[in-house]
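Shown next, in structure tokens, is the structure this report addresses.
The values are calculated or read from the model by the stated rules, or taken from the named source; none is laboratory data. As the structure is a computational prediction, the values presented were derived from the model and not from experiment. Ideal geometry is used to build each Cβ from the backbone, glycine not excepted, and the neighbour counts take in all protein chains shown. All accessible areas refer to the heavy atoms of the entire protein, side chains included, with ligands and DNA or RNA removed. Shrake-Rupley method; radii C 1.70, N 1.55, O 1.52, S 1.80 Å.
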Amino acid sequence: MRRVGLVGAGWVARQHAAGIAAVCGGRADVVAVCDPDPAAREAFAAQHPGVEPFASVEDLLDRAGGGAGVDVLLVLTPPAVRDEVVDPALDRGVALLVEKPFAGSGAHAAELVRRAEAARVPLAVSQNFRWYPEQAWLAAALRAEELGPLHLLEHRSFQDRPQAPGVWRAEQERLEMAIFSVHLIDRLQWLAPSPPRTVSALTRRDPASGLPGEQLAALLVSFDDGLVATMTSSWRARGLPTQQLRADGEHGSARTSREHPMAGPASGQLQLRGGEVRSSSFVDAGPVTRAHLSYGSSTAALLDALDAGVEPAHSGRDNLRTMGIMDAAYLSASRGGTAVDVTEALGGEALAGPGAVWR
């Protein structure tokens, strides 16, 4: 049984706790939570019997579990304060699962990965959208190579998602991409067989919202093997919400779709050239939501890697591709949409190694 500590006691902490209980079973137990807000940490502890509340991450790391500490630390804070948590965890050799985006910039992400690797500390990123069942279905179809070599990936998301004033997100200059469509970017790089090369992007904010950050992003990504990927994500869609991911290969096409990004029914269709459409549907079953399962699966994948002594499939090193695309998109948008090399966004860090994790 691995002891898990949570840093941050808000909404996302409750999702992770529910996911760990649903997916990890007897492999992991949440034993501690840390939050600078006394009311938040005490409320979380009251809702989760056996969880000790702490005011500082240092106290959590040193005193949780009756002084035994924790084996895995989930970092669920806003990006601006994550170093305050990651640094002491690296010093103590505690495995890390960090919420996305796991750093404030691509160059900083590359620095954190180098530091974690030098300290021999496993570092994973909670890109939990990979574990939605329709995405597992699509990845399996690509793994079987039914579609043949890929030449296009397309991801689209349209939501009406206003941000309430006064919360930390409403103050962010990096908003829609950093908060939500970083998940969509991650899916694209996860399915792509080769590393990303360049990104062109435009972003737009809603002047009426008063928010400094963007609420719409449109990206064009090129990959080393010639694959092209596009992503359009908007929080300004007043109707007809949808989430769609499409893959086109030499022999056929596949797509997934759902209305709500984190709940409700989803579907998948696959058609080989000249063949019949094959369809699959995915529905929530029981009180545990698909979101809970995706959060829990992110932790379970880290536990699998720890047990096997291997790099997690959603490691920080793997996530440099995601961070590189996102940071290059912000750079491109600031330059009017001109193409930006992903290595520039990562401060010169080269992307090497195997392609898609599902291969």
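Scanning the stretch 111-127 for residues that are open to solvent by less than 80 Å² (accessible area, probe 1.4 Å) and assigned to a loop (DSSP other than H, G, I, E, B) yields Val121, Pro122, Gln127. Residues of the stretch 223-239 that are out of contact with any His (no Cβ under 9 Å at 6 or more places or on another chain), over 22 Å from Ala164 (Cα atoms) and open to solvent by 30 Å² or more (accessible area, probe 1.4 Å): Asp224, Asp225. Of the residues making up the stretch 184-200, just one is part of a loop (DSSP other than H, G, I, E, B) and either within 18 Å of Met262 (Cα to Cα) or open to solvent by less than 10 Å² (accessible area, probe 1.4 Å) (or both), namely Ala192. The single condition among (1) open to solvent by 30 Å² or more (accessible area, probe 1.4 Å); (2) more than 24 Å from the chain's Cα centre (by Cα) that Leu60 does not meet is (1). All told, Arg174 meets the bar of being basic (Lys, Arg), out of contact with any Asp or Glu (no Cβ under 6 Å at 6 or more places or on another chain) and surrounded by 15 or more Cβ atoms within 10 Å (Cβ to Cβ). If you take the residues in the stretch 275-296 that are modelled with pLDDT of 95 or more and out of contact with any Gly (no Cβ under 6 Å at 6 or more places or on another chain), which one is surrounded by the most Cβ atoms within 10 Å (Cβ to Cβ)? So, considering only residues that are modelled with pLDDT of 95 or more and out of contact with any Gly (no Cβ under 6 Å at 6 or more places or on another chain), the one surrounded by the most Cβ atoms within 10 Å (Cβ to Cβ) is Arg278. Tell me, which residue of the stretch 202-218 that is over 30 Å from Ala140 (Cβ atoms) and assigned to a strand (DSSP E or B) is nearest to the chain's Cα centre (by Cα)? Here the residue is Leu216. Exactly one residue out of Ser157, Ser181 is in a helix (DSSP H, G or I) and closer than 21 Å to Glu259 by Cβ: that is Ser181. Being touching a strand residue (DSSP E or B) at 6+ places or on another chain (Cβ under 6 Å), among the β-branched types (Val, Ile, Thr) and surrounded by fewer than 20 Cβ atoms within 10 Å (Cβ to Cβ) is a description that does not apply to Thr203. For the stretch 67-87, filtered to residues that are among the β-branched types (Val, Ile, Thr) and either within 20 Å of Met323 (Cα to Cα) or in a strand (DSSP E or B) (or both), the residue that is most open to solvent (accessible area, probe 1.4 Å) is Val81.
The set of residues in the stretch 18-42 that are in a helix (DSSP H, G or I) and in contact with a helix residue (DSSP H, G or I) (Cβ under 8 Å, 6 or more places away or on another chain) comprises Ala18, Gly19, Ile20, Ala21, Ala22, Val23, Arg27.
Among the residues of the stretch 297-320, those that are aliphatic (A, V, I, L, M) and open to solvent by 40 Å² or more (accessible area, probe 1.4 Å) comprise Leu306, Ala308, Val310, Ala313. For the stretch 49-66, does any single residue satisfy the condition of being within 28 Å of Pro196 (Cα to Cα) and part of a loop (DSSP other than H, G, I, E, B)? So far as the stretch 49-66 goes, no, none of its residues is within 28 Å of Pro196 (Cα to Cα) and part of a loop (DSSP other than H, G, I, E, B). Search the stretch 1-43 for residues being farther than 24 Å from Arg169 by Cα and β-branched (Val, Ile, Thr), and hand back the single one that is most open to solvent (accessible area, probe 1.4 Å). Residue satisfying both the conditions and the ranking: Val23.
For first residues located in the stretch 88-110 and free of Cβ contacts under 8 Å to residues at least 60 places away in the same chain and open to solvent by 10 Å² or more (accessible area, probe 1.4 Å), partners that are assigned to a loop (DSSP other than H, G, I, E, B) and aliphatic (A, V, I, L, M) and lie 6+ apart or on another chain with Cβ distances below 6 Å form the pairs Leu90/Val121; Gly93/Val121.
Per-residue answers, yes or no, for (1) within 30 Å of Gly26 (Cβ to Cβ); (2) of a type in the set (Val, Ile, Thr); (3) in a loop (DSSP other than H, G, I, E, B); (4) touching a residue at least 60 places away in the same chain (Cβ under 8 Å):
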{"residue": "Gly239", "(1), (2), (3), (4)": "no, no, yes, yes"}
{"residue": "Leu245", "(1), (2), (3), (4)": "no, no, no, yes"}
{"residue": "Ser253", "(1), (2), (3), (4)": "no, no, no, yes"}
{"residue": "Thr256", "(1), (2), (3), (4)": "no, yes, no, yes"}
{"residue": "Pro261", "(1), (2), (3), (4)": "no, no, yes, yes"}
{"residue": "Gly275", "(1), (2), (3), (4)": "no, no, yes, no"}
{"residue": "Ser281", "(1), (2), (3), (4)": "no, no, no, no"}
{"residue": "Leu306", "(1), (2), (3), (4)": "yes, no, no, yes"}
{"residue": "Arg321", "(1), (2), (3), (4)": "no, no, no, yes"}
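Of everything in the stretch 159-184 that is hydrophobic (A, V, I, L, M, F, W, C) and touching a Lys or Arg at 6+ places or on another chain (Cβ under 9 Å), the residue that is nearest to Gly10 (Cα to Cα) is Ile179.
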